[in-house]
Number of protein chains: 4
Amino acid sequence: MVERAGEEVTAVKAGDLVIAEMHVNCGHCHQCRLGEAHICQNVRIIGIDQDGAFAEFVKIPATNIIKLDPTIPERYGAILDPLGNAVHTVLAGPIAGQTALVTGCGPIGLMSIVVAKACGSSTVFATETNEQRRAMAKKMGADMVVNPAAEDAVKKILGETGGTGVDVLLEMSGNPTAIQQGFKALRAGGRASLLGIPTENVPLNLVDDVIFKGATVQGIYGRRMYETWVKMLALLKAGRLNLEPLFGEREPLEKFENAFAKLQGGLPGKILLYPDGVPR
Amino acid sequence: MVERAGEEVTAVKAGDLVIAEMHVNCGHCHQCRLGEAHICQNVRIIGIDQDGAFAEFVKIPATNIIKLDPTIPERYGAILDPLGNAVHTVLAGPIAGQTALVTGCGPIGLMSIVVAKACGSSTVFATETNEQRRAMAKKMGADMVVNPAAEDAVKKILGETGGTGVDVLLEMSGNPTAIQQGFKALRAGGRASLLGIPTENVPLNLVDDVIFKGATVQGIYGRRMYETWVKMLALLKAGRLNLEPLFGEREPLEKFENAFAKLQGGLPGKILLYPDGVPR
Amino acid sequence: MVERAGEEVTAVKAGDLVIAEMHVNCGHCHQCRLGEAHICQNVRIIGIDQDGAFAEFVKIPATNIIKLDPTIPERYGAILDPLGNAVHTVLAGPIAGQTALVTGCGPIGLMSIVVAKACGSSTVFATETNEQRRAMAKKMGADMVVNPAAEDAVKKILGETGGTGVDVLLEMSGNPTAIQQGFKALRAGGRASLLGIPTENVPLNLVDDVIFKGATVQGIYGRRMYETWVKMLALLKAGRLNLEPLFGEREPLEKFENAFAKLQGGLPGKILLYPDGVPR
Amino acid sequence: MVERAGEEVTAVKAGDLVIAEMHVNCGHCHQCRLGEAHICQNVRIIGIDQDGAFAEFVKIPATNIIKLDPTIPERYGAILDPLGNAVHTVLAGPIAGQTALVTGCGPIGLMSIVVAKACGSSTVFATETNEQRRAMAKKMGADMVVNPAAEDAVKKILGETGGTGVDVLLEMSGNPTAIQQGFKALRAGGRASLLGIPTENVPLNLVDDVIFKGATVQGIYGRRMYETWVKMLALLKAGRLNLEPLFGEREPLEKFENAFAKLQGGLPGKILLYPDGVPR
């Protein structure tokens, strides 16, 4: 927690329970000067560009540290990075009184359902091929969950919206087919916020799906520093985000290999790892 | 429901249950051309500029008519004009993850509490001198209700927000003192959305309360035509706005004098008047 | 100029010089109700979905008609549809104090250069393979014009912006390569407003060019009805848009075949056709 | 130029010509975390809360320092603080294709005229009682300058805008009467951006001038850190802001008393003070 040599840290002290933004920005590039630190040209990500927080100690700039408010359960502290992704995506445009489609119900997709409902989305649709995750999506509050491997998701969603399509697409899968279907299910004038990471180029029908639709497409990266954190923590402190179903699994830290295998197998939720043994 | 001589109305037919925007705009002034029909320079308000809807028949342009969706309870059809005021005010800026202060808990203030919570406000404060209305504000979901006649509301709210003040002021009273207190309780950079109608000039400390604060102050009038209606109806259809406590009183139409007297006495809610007898 | 049977038109009278929005919206779909008439679900375009204005008489709803202000030269009345495209695109986001790249210098691209400069863009780059159009782009005020067939346009623009890229991409070509290059030259956090119409699917590197960049991509269609018209006419009345170089060619109407051939050959500008002979 | 003990400054070096934001923010309050550093709760202003820059040396955090680009004339470096106020005010909302009214033509008012025109304002009106400043306002590009002591400014401006009023009010005087007139001249739905500092409470007719008008009122303070700087410097580097008429007077530093007396006498512009003698 030392920003620069010689600087004294006063906001937190040894023993405080803290959370951290892991994007470390440079502070002087064009984007940093514009208040867009999350897309800093010289960003270093702790855990990607350098060793991360699976360690006893980690060095993080004081600016990136926030004390965890005691009214927020400790376990939530373990998922604030992906929850911040979800909050950033959902709140990147209007959501109150809007219909939304979440494509992909991995952990961030599932969180997005909860955030969207808490922020006034009228109807949240979700698509997901994994059965367990579809069940979890229902549990998290999705109004309708569709299996795109079994039925025509676009037709279904257009039918449910009177042929208009959804106001907001929250793309959480990175899957090219899901992205294309998401655009087809988006209404003219709608917003598509893309967080999922495709592993290849995605051929888009820009004319029909973006241009003639007058759509707005947003790339979403990280969390706004620190507007997303402020809003996320306010929602959590107010008890507005019930994420309990995501915390189904708890393991001692030494069983981490087992835990990662479960996640890669499509587990619908998160696994809490405890360094000092799982609390009863 | 005839717009202009000779025009055929196709969107609704005799017998349909409908709701109506009572601001009739001209369609060709600067504001109408800009999509700001609610502040049309030549607006005529049915019920103010001409006879209103306390009548067996009323003539309204087809454009101003919307069919009431069958999933929305009929009684809600009686309060959509003021509910639209509340939705317009709350959604005139960001509300998700924001603290809000509602000054004045008449019917629109009470509705604003519900709308703000449904759209993700983290904490809603309310001020009101009438005891019954304070009780109703709690019932509608306000997190803290303050009687400004009995305690220092500004000090209280600043204390609850760590000295920062609220993100959003929803001014529903029109009372000069409440307006001034609202501005004092607003954080620097906050939004003040003013719907209440003061009956006299209000001396504002523009320097401390607006300029140095970098505050944004919005005059709110009517409902956006028809963006507010679209969002309000989406929220109602999705069951996101529970306004049941407001419907405590029901009377036959012929007892209207009695009903209006109750309202003027500060009744916390609405009175439903039934032309054909109160349903059991 | 008759909207509906039986309705009287009062805003214009026979003999008035008028201009017209050729998108005729339905007035009752989701988008029309939201004030997004330009992307009406039931839009009919005069000149595409039905016979257009190459005729002695054409029937247009009164709402779509605007009187041409006498301070605006008549010839400008002939190009307001494409100029509206340019104004809509440039003003779809911030432009003052922003660097911009116009990809494609057909008539609308050329107009966009003028609009962007008039609205405070600090530096306008343009790319175009046609030599005459590049010369015209310079004449219209572009600060730097690049021939992407002869040099590496992306490298050039990144170099000129200190490696950051441009704040705003105004895509006017519909050419897949130009679109891809435009995204590469866009800064992280930038805005890409797409008006050009590709004739095939465009493979986009969504990860690098949109998602990690936190970019905003906007589909632009038609003109906002009628916000774009109001702003465009205000700029024209104030003499802020000098489009004179575009009016290089004038022909009598009967030589229309010749005129269209010139346009298809890449003429950098517009050709005015006069039904009653070219004025001296 | 030392931020904190022990930190090394790398962005600038001894001998560089630099400019500085004089608001020093805390970095950890609610507003700083939200990217609103210009309204930091713990702001210290160099020159107000502590000794300022009328000195041979001044200590300023490295973050607040920007190198003056060599393409910008040195004399502009002396006026970037007030120019930033003007840029912040003008760009606090849409200005392209908008009519604007500048109330008060002191230096910042005069700069606002230039900025508004450069950013696409269609027509700029200005009010000012001082004759010299009115003449300067014309020179800076105002389309119409009114003396409110001699004629009815509100009536005049409403007349010039077809009875509608201006789209944007840029309040630069702090004079209660000018503020009230500005609101009367503002169109329904317009924006009022207030920078001038009244010395007393201003009684506002909130009903007619804000609420029924659906107006947006913005308090403007300082400069956005550092978005305003980025845009201002981009405009200056591009040569888009001609402020030469403001630089009419030059004096050696030792004649500062004389210079301040001239400014207090209503001099229309700035006086450049030179510590080493006025350059020829």
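The values are calculated or read from the model by the stated rules, or taken from the named source; none is laboratory data. Every value quoted in this text rests on a predicted model; they were computed, and no experiment measured them. Using ideal geometry, Cβ is built from the backbone for each residue, glycine included, and neighbour counts are taken over all protein chains shown. Just so you know, the surface numbers come from the protein's heavy atoms only, side chains and all, with ligands and any DNA or RNA stripped out. Shrake-Rupley method; radii C 1.70, N 1.55, O 1.52, S 1.80 Å.
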#### Entry: Accessible area in square angstrom per residue, region B:57-206, 1.4 angstrom probe
34 Å²
### Task
Report the one residue of B:Leu235, B:Thr129, B:Phe247 whose Cα lies farthest in the direction of the positive end of the charge dipole of region B:124-280 (charges on C-beta: Lys and Arg +1, Asp and Glu -1; origin at the Cα centre).
B:Leu235
### Accessible area buried, both sides summed, chains A and D with 1.4 Å probe, Å²
1200 Å²
### Query
Rounded to the nearest 20 Debye, what is the dipole magnitude of chain C about its Cα centre when Lys and Arg each give +1 and Asp and Glu each give -1 at the C-beta?
620 debye
### Message
Can you list residues from other chains, or at least 5 along the same chain, whose modelled amide H is less than 5 Å from the amide H of D:Val18?
### Response
D:Leu68
### Query
For D:Gly93, which inter-copy label distances result when the label point lies 7 Å beyond Cα on the Cα-to-Cβ vector, reported in nm to one decimal and in ascending order?
1.2, 2.3, 2.4
### Message
Looking at region D:168-246, I'd like the Rg to Rh ratio, where Rg is from alpha-carbon atoms and Rh is Kirkwood's inverse mean 1/r.
### Response
1.07
### Query
To the nearest 20 debye, what charge dipole does region B:121-171 have about its Cα centre, counting +1 at the Cβ of each Lys and Arg and -1 at the Cβ of each Asp and Glu?
180 debye
### Query
How much solvent-accessible surface does B:Arg33 expose, in Å² to the nearest 10, with a 1.4 Å probe and all protein chains in place?
40 Å²
### Task
May I ask you to compute the full-extension gain from D:Phe247 to D:Asn42, defined as 0.36 nm times their residue separation minus their alpha-carbon distance, rounded to one decimal in nm?
70.3 nm
### Message
Given Cβ point charges of +1 (Lys, Arg) and -1 (Asp, Glu) and nothing else, what value in debye, to the nearest 20, does the dipole of the protein assembly as shown about its Cα centre take?
### Response
0 debye
### Summary
Averaged over residues of C:33-40, the number of beta carbons from other chains lying within 10 Å of each residue's Cβ is 6
### Per-pair calculated FRET efficiency, R0 = 25 Å: B:Val12 and A:Asp208 via Cβ, rounded to 0.05
0.15
### Message
Please list, in order along region A:205-218, the HN-Hα scalar couplings obtained from phi with the Karplus expression 6.51 cos²θ - 1.76 cosθ + 1.60 (θ = phi - 60°), rounded to whole Hz, x for Gly and Pro.
### Response
7, 4, 5, 6, 9, 10, 6, 5, 7, x, 7, 10, 10, 10
### Query
When the accessible area of region B:1-87 is split by element with a 1.4 Å probe, what percent falls to carbon and sulfur?
52 percent
### Query
In region A:224-259, which residues give up 20 Å² or more of accessible area once the other protein chains are added, compared with their chain alone (1.4 Å probe)?
A:Tyr226, A:Glu227, A:Val230, A:Lys231, A:Ala234, A:Leu235, A:Ala238, A:Arg240
#### Entry: Fraction of beta bridges assigned by DSSP in chain B that are antiparallel (%, nearest 5)
15 percent
### Query
For A:Gly239, which inter-copy label distances result when the label point lies 7 Å beyond Cα on the Cα-to-Cβ vector, reported in nm to one decimal and in ascending order?
2.2, 6.5, 6.7
### Message
Just to confirm, what accessible area per residue do you get for region A:210-264 at 1.4 Å probe, in whole Å²?
### Response
44 Å²
### Message
If amide hydrogens are placed 1.01 Å from N in the peptide plane, which non-local residues have theirs closer than 5 Å to the one on B:Leu272?
### Response
B:Glu249, B:Arg250, B:Glu251
### Message
Taking every pair of distinct Cα atoms and averaging 1/r, then inverting, what Kirkwood hydrodynamic radius in Å comes out for chain B?
### Response
20.0 Å
### Query
Does any residue of region B:188-211 lose at least 30 Å² of accessible area with all protein chains in place compared with its chain alone, and if so which ones (probe 1.4 Å)?
B:Ala188, B:Leu194, B:Ile197, B:Pro198, B:Asn201, B:Val202, B:Pro203, B:Leu204, B:Leu206, B:Val207, B:Ile211
### Summary
Ignoring ligands and nucleic acids, C:Cys32 exposes an accessible area, probe 1.4 Å, in Å² to the nearest 10, of 20 Å²
### Query
Each residue of region C:256-272 in order: what ³J(HN,Hα) in whole Hz does its phi give by Karplus 6.51 cos²θ - 1.76 cosθ + 1.60, θ = phi - 60°, with x for Gly and Pro?
4, 5, 4, 5, 4, 4, 4, 4, 5, x, x, 3, x, x, 10, 10, 7
### Task
Report, in cubic angstrom per residue, the convex hull volume of the C-alpha atoms of the protein assembly as shown.
198 Å³
## Note on the structure
Sorting D:Asp152, C:Asp167 on solvent-accessible surface, 1.4 Å probe, most exposed first, gives D:Asp152, C:Asp167
### Query
In what sequence, largest accessible area first, do A:Met172, B:Met232 appear using a 1.4 Å probe?
A:Met172, B:Met232
### region B:134-280: mean projected area of Cα convex hull, nm²
11.7 nm²
## Note on the structure
Accessible-area loss of at least 50 Å² (1.4 Å probe, chain alone to full protein assembly) applies in region C:101-123 to C:Ser122
### Query
Considering only protein heavy atoms and a 1.4 Å probe, what is the carbon-and-sulfur percentage of the accessible area of region A:210-280?
50 percent
#### Entry: Most to least accessible of A:Thr10, C:Thr161 (protein chains only, probe 1.4 Å)
A:Thr10, C:Thr161
### Query
Expressed in nm to one decimal, what extension gain is obtained for the pair B:Ala149 and B:Ala53 from 0.36 nm per residue of sequence separation less their Cα-Cα distance?
30.8 nm
### Task
Return one number: the angle in degrees, 0 to 90 and rounded to the nearest 10, between the long axis of the Cα atoms of helix A:107-118 and the longest principal axis of the Cα atoms of chain A.
80 degrees
### Task
Would you kindly compute the Cα radius of gyration of region B:1-134 and its largest Cα-Cα separation (Dmax), both in Å?
17.6, 54
### Message
Quick check: the distance between the Cα centres of region D:85-141 and region A:205-271, to the nearest angstrom?
### Response
47 Å
### Query
If you put a point 7 Å past Cα along the Cβ direction, how far is that point for B:Lys155 from the same point in each other copy, in nm, smallest first?
5.1, 6.8, 7.0
### Query
Considering only DSSP beta bridges with both partners in the protein assembly as shown, what is the antiparallel share in %, to the nearest 5?
25 percent
